[in-house]
1. In the set Arg234, Arg346, which member is near the ligand (Cβ under 10 Å from one of its atoms) and closer than 23 Å to Gly131 by Cβ?
2. Checking Lys85 against (1) surrounded by fewer than 20 Cβ atoms within 10 Å (Cβ to Cβ); (2) in contact with a strand residue (DSSP E or B) (Cβ under 6 Å, 6 or more places away or on another chain), only one condition comes out false. Which one?
3. What do you reckon, is Ala24 of a type outside the set (S, T, N, Q) and either within 30 Å of Met329 (Cβ to Cβ) or touching a residue at least 40 places away in the same chain (Cβ under 8 Å) (or both)?
4. When you go through Leu45, Leu27 one by one, which is the residue that is away from the ligand (no atom under 16 Å from the Cβ) and surrounded by 18 or more Cβ atoms within 10 Å (Cβ to Cβ)?
5. Determine whether the stretch 230-249 contains at least one residue that is on the phi < 0 side of the Ramachandran plot, open to solvent by less than 20 Å² (accessible area, probe 1.4 Å) and either over 20 Å from the mean Cα position of the chain (by Cα) or free of Cβ contacts under 8 Å to residues at least 60 places away in the same chain (or both).
6. Residues in the stretch 34-42: is at least one modelled with pLDDT under 95, polar (S, T, N, Q) and away from the ligand (no atom under 16 Å from the Cβ)?
7. Kindly check whether there is at least one residue in the stretch 337-345 that is among the aromatic types (Phe, Trp, Tyr) and either open to solvent by 50 Å² or more (accessible area, probe 1.4 Å) or more than 28 Å from Ser125 (Cα to Cα) (or both).
8. Among (1) within 15 Å of the chain's Cα centre (by Cα); (2) at pLDDT 95 or above, there is one condition Tyr166 misses while meeting the rest; what is its number?
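The values are calculated or read from the model by the stated rules, or taken from the named source; none is laboratory data. These numbers come from a predicted model, not from an experiment. Please note: Cβ atoms are built from the backbone with ideal geometry, for glycine as well, and neighbour counts cover all protein chains shown. Accessible surface areas use protein heavy atoms only, side chains included; no ligands, DNA or RNA. Shrake-Rupley method; radii C 1.70, N 1.55, O 1.52, S 1.80 Å.
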Amino acid sequence: MTILRIEHNVALDDYNTFGIAARARELVRVRSAADLQALVEQPALLRPGWIVLGGGSNVVLTGDVGKLVLKMEVMGKQLVGEDDKHWIVQAGAGENWHGFVAWTLQQGWSGLENLALIPGVVGSSPVQNIGAYGIELQDRFHSLEAVDMETGRIFTLDAAQCGFGYRDSVFKHTPARAGDYGLAGKAIITHVRFALPKVWKPELDYLDLQRKMQELGLHDPTAQQVFDMVVAIRSAKLPNPAEIGNAGSFFKNPVVSQEVCDDIISREPKIVHYPMPDGTVKLAAGWMIDACGWRGKSMGNAGVYSKQALVLVNRYPETGVRATGGEVMTLAGAIQTSVYERFGIRLEPEPVVL
Ligand code: EPU
């Protein structure tokens, strides 16, 4: 029988990369699918509701958490199979993402190098379909295992069943109507499997990578060299959460129709935008926030990172006082208002606000 240990009044300061001070009334460390099944068998524990905390790199805590916090610590990484074209590699939801990417390369399995240094854990990676430098998680995804938190049943989903979109999946949706498919608040991911190509080809289209290759005089980089370039680019542009609290990009890049984009371009010819394969256009939110003059600005102990306006930061190292979730959200609201007034676009936060 699985014995669950409930921890009370736990400080979450070190469990969220924003470094916001908050406490969990009750916290359980989840080390296996069996732990989740044991929880399902004790409905009283789940009655206040529950939230999943992975690496805490995609949350804003706006106060103490009254729901049961499930801290994902399912570990392990291994080769679990292969087909003609792929190695199938699996990792536990609690494995550190960057550590996992580095490990796959050490084993000689390439394909995740463009996603190096993304904060967080493996279990969160499909939830928001993490993406960077021309690769999205869905490009390398094989399947995942999750536990149904109503029945305790373990089930597997393939890529199509995950409903991946830009920073989106079924795990971000609650079913609004009968028949809708949404797993937010219903299931918890315990393991993720990746299909890594046996014949590898680098993905080098992203402008920052092109620039870096030119700078280094590289033409035909190895996967390790791509990994190193991504680490260098990210380190130069994005704050290290161990030093400056942040949750990565704070807003999603808005996706609009060609008509809306043309209308904005007629007023704002310099706006950075990317045509998408389906005919829509993605606008660079960081550019818009920067254009509104927010880069490097702050409100209270929350600020806009000086080298990337899409990233909001905890000014704690500078001010000596930790930002509250309220301060972060006040700043986010002021940015949303500026961008809406100038561009007519509503920016949507990327992290989960708790
Ligand atoms: N830009 C500015 N000023 C700024 C920030 C950006 O002018 O302050 C311009 C840049 O010069 C560039 C454009 O906006 O022309 C886009 O910037 P960048 O290449 O830095 O990428 P992003 O769209 O801001 C996205 C992801 C990042 C990912 C990078 C690289 C989202 C929400 N963010 O950022 O993901 O690392 O591309 O692929 O899609 C994350 O999700 O947490 C994250 C860091």
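1. Result of the check over Arg234, Arg346: Arg234.
2. All conditions are met except number (2).
3. Here the answer is yes, as Ala24 does meet what is asked.
4. Leu27
5. The answer is no; no qualifying residue exists.
6. yes
7. Just the residues of the stretch 337-345 that are among the aromatic types (Phe, Trp, Tyr), to begin with: 340, 343.
Restricting the remaining residues to those that are either open to solvent by 50 Å² or more (accessible area, probe 1.4 Å) or more than 28 Å from Ser125 (Cα to Cα) (or both) gives 340, 343.
The answer is yes, given that some residue of the stretch 337-345 is among the aromatic types (Phe, Trp, Tyr) and either open to solvent by 50 Å² or more (accessible area, probe 1.4 Å) or more than 28 Å from Ser125 (Cα to Cα) (or both).
8. (2)
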